[in-house]
1. Nearest 20 debye, what's the magnitude of the dipole of the chain about its Cα centre given +1 on Lys and Arg Cβ and -1 on Asp and Glu Cβ?
2. For the stretch 1-43 and the stretch 90-124, compute the distance between their C-alpha centroids and round to whole Å.
3. What distance in nm separates the simple spin-label points at His2 and Ile59, each placed 7 Å from Cα in the Cβ direction?
4. Would you calculate a helix-derived [θ] at 222 nm for the chain, using -39,500 (n - 2.57) for each DSSP H run of n ≥ 4 and dividing by the full residue count, to the nearest 500?
5. Given R₀ = 41 Å, what would the calculated FRET efficiency be for Leu155 paired with Arg73, taking r from the Cβ atoms and rounding to 0.05?
6. Using the basic label-point model (7 angstrom from Cα toward the beta carbon), what is the Lys97 to Asp38 distance in nanometres?
7. Can you give me the angle between helix 128-147 and the longest principal axis of the chain, using Cα atoms only, in degrees from 0 to 90, rounded to the nearest 10?
8. Which angle from 0 to 90°, rounded to the nearest 10, does the C-alpha axis of helix 72-95 make with the longest principal axis of the chain?
Amino acid sequence: MHIPMVRKLMHAWFWEYIQNTPLILAFTYGFAQFSEGDMVGAGRAILSGVIAGALLIRITESRIEGGEVESWRETATNIFFFSLAISFFIFYFSRTKQILHIDILSGIITGVLASVFQAFAARSRPTIRHTVSLAAAFAAAVWLIRTFALTQSPLPGALTINLAVTTVIVLIEYRGASSRSNGAEDNPHQGNLPNNAS
């Protein structure tokens, strides 16, 4: 792997990790509060983490791939989708026992839906690279949450999950992307129209 590519991947990894952290914290703290019966606290954890994550995506996404800052429509869509997804998984993990293929499938489906929602908000079509990266990242997150994070305190659990999730996203979504010519294909988040969503 060439040094410029390594630098590109490290740069992307840093910003992706920053973006993902509040979203994963929204789950781990939300789940902890929900498990204690504090529904209001769980709601606050989810909303604060999701809003922070969506705003970080809006502010920093252009630092990864360049281009325009995403629209408020895309930011609002991220808030809406991730609030629903995190709420669903909090309920899912609190009510189910581990069935590996069901856990992995639920993660894959959620990742695909995230890509579709983001593409719709950006008025573009989902790209294969972005869809696969989100499907793989959600599947990895669900597996790690089930096997590891539920027994950890919220902060170290979230930071550890994020190491794996961010690495999966970067290796699938950004590796080799710099070798493409300028245009929509340069940005793995985009379809044929401008604007992106992490």
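Read the figures in this text as sums done on the coordinates, not as results from a lab. These numbers were taken from a predicted model, which means no experiment stands behind them. So basically every Cβ, Gly included, is an ideal-geometry build from the backbone, and we count neighbours across all protein chains shown.
1. Details: 14 positive and 12 negative charges, 39 e Å.
Using Cβ point charges on Lys, Arg, Asp and Glu, the chain gives about 180 debye.
2. Answer, in whole Å: 16.
3. Taking the simple label geometry, His2 and Ile59 are separated by 3.3 nm.
4. Values: 6 runs with 146 residues, N = 198.
Using -39500 (n - 2.57) per qualifying helix, the result is -26000 deg cm²/dmol.
5. Working: r = 32 Å, r/R0 = 0.78.
Efficiency, rounded to the nearest 0.05: 0.80.
6. So the two model labels end up 3.0 nm from each other.
7. Taking Cα atoms only, the helix is inclined about 20 degrees.
8. 40 degrees
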